Amino acid sequence: MKKRRLTAALLCAVLAASTVLSGCGGKKTTEGGSTAQAGNEAGKNENGKDGDSGKPVVYKELYSGEVATLNYLVSSSDADIRTAAYCIDTLIEYDSSGQIRPGQATEWEYDEASKTWTFHLREAKWVDNTGAPVADVTAQDYVDAIKYQLTPEYESGIVQNLFGVIANAKAYYNGLVYNGGADDDGVVWNAIDFSEVGVKAVDDHTLTYTLETEVPYFLSSLAYIVYMPAYGPQLEELGKTFATGADKMYYNGSYYMSEFSPQEHRIYKKNTLNYDADIVYIDELQKIYNAEANTIGPEMIKRGEIDYVEITADILDDWMSNEDTKNLISRERPKNSYSYFYCFNFDPQFDAEYEPDNWRKAVNNENFRKALSSALNKTKEVAVLEPKVPEDYVINTITPAKFTFNADGTDFTEIGDMAALGDTFNEAKAVEYRDLAKSELAAEGVTFPVKVLLPYNPTEVNWDKECQVVEQQMESLLGTDFIDIIVQTGPTDGFLTEIRRNGKYAMLKCNWGADYADPETWTDPFYQAKGESGYDLGYKYANLAKAIEDGTPSADAVLEYFTTIEEAKDIKVDINARYEAFAKAEATLINHALVVPFSISVSKYLATKLNVFEGQYAPFGVSNLKYKGQHLQDHYISMEEFEANKEKAGQ
């Protein structure tokens, strides 16, 4: 049997074919060590305490949108998983330069013959919301977390990440769902014992995952929430009430949540029992709720009352030109881990006044979708967020450039059919598609103008202004006799569930963050195998599968996309062939205007006391959300200091 034992020093070679990582030379990572930047910061001693007073280092930040759940085993929304990112350690993680380093696992090995990964775990403790130890972290906690997700009654929205990856995960889940019955395709799913699922606790400190097939990206996926542990006895005791409060979950990460009062505050305190406590320099995170955070935050920065706020476009010029504030501004770390795109809703569930049936007919017409896609001036919209160089952030693919490369080093966005994709914005084409759509839709009884419900989350900085730009620009080009874009303010809390998952939109700006280092991760928002969990919960963007189910005019296009994805998924070893197949699938999605590519994450303007290049970094998983390795400075970072830090980090 062929085995490979992998430690941090060998990982770049393993992942080079599928992701961009910095060179492996330089620093060496040992079992308990870190390559996160360390050292004494102004006014801070080695323990992160204030150098003069010895007081705890406390980081303060406002927020305006409350989480829907703390349960990281069921939700994948960015807001919901932040607590897990702070408080739950994964098997592997990433350092500040994007290199894999040991996390809860100190080393690992892969047996190619049995397709089994073996992880050797360090000694660790679970603590409660007071920081008191309650139990050892064991391999069984990883097994129990997987079993929880595979239990249908808990309605996990991330469980599909296990299907086709962990041996028998889908068979076990569907066995519980159908219990000997058949799915819509007539496939019979008999119940199987959980012992047949490919996750095992060999002993307290040895964990194995047996894969259903070769999975080129598996190691990188371990930094995502789906492979996080949870204390098994607590899961069994609490069931659906797990992680419904700070005292309803345990913690093994850098911090524990000491207090959670919805729409008041979240308090996180340093976990001194964590193996990496010596490189956690901030003792307490105070997240303070304020519905007007975007407005009040900048004024609190001027008074030195908080440590972070986003500087919105409407005040940016004033701040940059004012002597009192110009040196308070820097930017967030450039990243290509998130892609933004516009979804069209193929299963509208919004109120009758917005004419959902009329929209359903319109959106299933390809020329109508292409008219809207071609009419969207992405550069003009991005300029709301980045007025200086908006074109730097516009993309014409779902997968961002420089996210991943094939075995020959070719950027995925330049492979096969993806290479032929151009700018989707084209005024002449938009008018041409509009005219074709008008005649086709009129014959189907569609009334004009077609109402296009465009909601936004009011807690997201400048999203309202983006929608206004879209409304004015697209209606001006296509005509108000063709479309009527209706900008609607969504709820401040639970926007994701209330709007997207419940289908209360016609067109919506959505985003997706990569979960692992492979182009397959960018199909996860859209692709859905028949019978796959989560459909009724609305976890899949745009409800594309509904077009197939209803036999609409878009069914063939969606089926073509789904089929090409399935063909790509089946290619496990030949990386170049795999990437070319996924490129064909993504090009199909875009060429049929099933979604509209928009932008990568715009590097926000900030006022912050953190050096953003000290934090962990990876274009996937939750590493970017962690505070480990970061020092709280005694001043706000200036743009000059930001550039110096960026150069020092080799960015």
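The values are calculated or read from the model by the stated rules, or taken from the named source; none is laboratory data. Quantities reported herein were computed from a predicted structural model and do not represent experimental measurements. Every residue, glycine as well, gets a Cβ built from its backbone with ideal geometry; the counts of neighbours run over all protein chains shown.
Taken over segment 399-413, the criterion of being surrounded by fewer than 15 Cβ atoms within 10 Å (Cβ to Cβ) and free of Cβ contacts under 8 Å to residues at least 40 places away in the same chain is satisfied by G409 alone. In segment 205-216, the residues that are of a type in the set (S, T, Y) reach residues that are at pLDDT below 95 with C-beta atoms within less than 6 angstrom, at least six apart or across chains, in these pairs: T213/K572.
Here's the yes/no breakdown for (1) part of a strand (DSSP E or B); (2) farther than 23 Å from A313 by Cα; (3) modelled with pLDDT of 95 or more; (4) not assigned by TED's automatic domain parsing to the domain that holds K584:
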| residue | (1), (2), (3), (4) |
| --- | --- |
| L436 | no, yes, yes, no |
| T459 | no, no, no, no |
| V469 | no, no, yes, no |
| Q473 | no, no, yes, no |
| D481 | no, yes, yes, no |
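Filtered by the rule that a residue be part of a loop (DSSP other than H, G, I, E, B) and either crowded, with 16+ Cβ neighbours inside 10 Å or among the aliphatic types (A, V, I, L, M) (or both), segment 156-183 gives S156, G157, I158, L162, F163, G164, V165, A167, N168.
Within segment 209-223, not a single residue is of a type outside the set (D, E), assigned by TED's automatic domain parsing to the domain that holds D144 and closer than 21 Å to F242 by Cβ.
Here is a yes/no grid of residues against (1) at pLDDT 95 or above; (2) in a loop (DSSP other than H, G, I, E, B); (3) in contact with a helix residue (DSSP H, G or I) (Cβ under 7 Å, 6 or more places away or on another chain):
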{"site": "D185", "(1), (2), (3)": "no, yes, no"}
{"site": "I192", "(1), (2), (3)": "yes, yes, yes"}
{"site": "S195", "(1), (2), (3)": "yes, no, no"}
{"site": "T210", "(1), (2), (3)": "yes, no, no"}
{"site": "T213", "(1), (2), (3)": "no, yes, no"}
{"site": "V226", "(1), (2), (3)": "yes, no, yes"}
{"site": "A230", "(1), (2), (3)": "yes, yes, yes"}
{"site": "L235", "(1), (2), (3)": "yes, no, yes"}
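Does K584 satisfy the condition of being in the same structural domain as G416 (by TED's automatic domain parsing) and assigned to a helix (DSSP H, G or I)? Yes; evaluated as a whole, the condition is true for this residue. Exactly one residue out of N426, N365 is over 23 Å from F582 (Cβ atoms) and crowded, with 19+ Cβ neighbours inside 10 Å: that is N365.
Does Y579 satisfy being modelled with pLDDT of 95 or more and either buried (at least 19 other Cβ atoms within 10 Å of the Cβ) or of a type outside the set (A, V, I, L, M, F, W, C) (or both)? Against the criterion (modelled with pLDDT of 95 or more and either buried (at least 19 other Cβ atoms within 10 Å of the Cβ) or of a type outside the set (A, V, I, L, M, F, W, C) (or both)), Y579 qualifies.
Conditions (1) modelled with pLDDT of 95 or more; (2) within 23 Å of the chain's Cα centre (by Cα); (3) of a type in the set (A, V, I, L, M), marked per residue:
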{"residue": "A243", "(1), (2), (3)": "yes, yes, yes"}
{"residue": "N252", "(1), (2), (3)": "yes, yes, no"}
{"residue": "S258", "(1), (2), (3)": "yes, no, no"}
{"residue": "R266", "(1), (2), (3)": "yes, yes, no"}
{"residue": "L273", "(1), (2), (3)": "yes, no, yes"}
{"residue": "D283", "(1), (2), (3)": "yes, no, no"}
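Filtered by the rule that a residue be within 21 Å of A401 (Cβ to Cβ) and β-branched (V, I, T), segment 566-580 gives a lone residue, I575.
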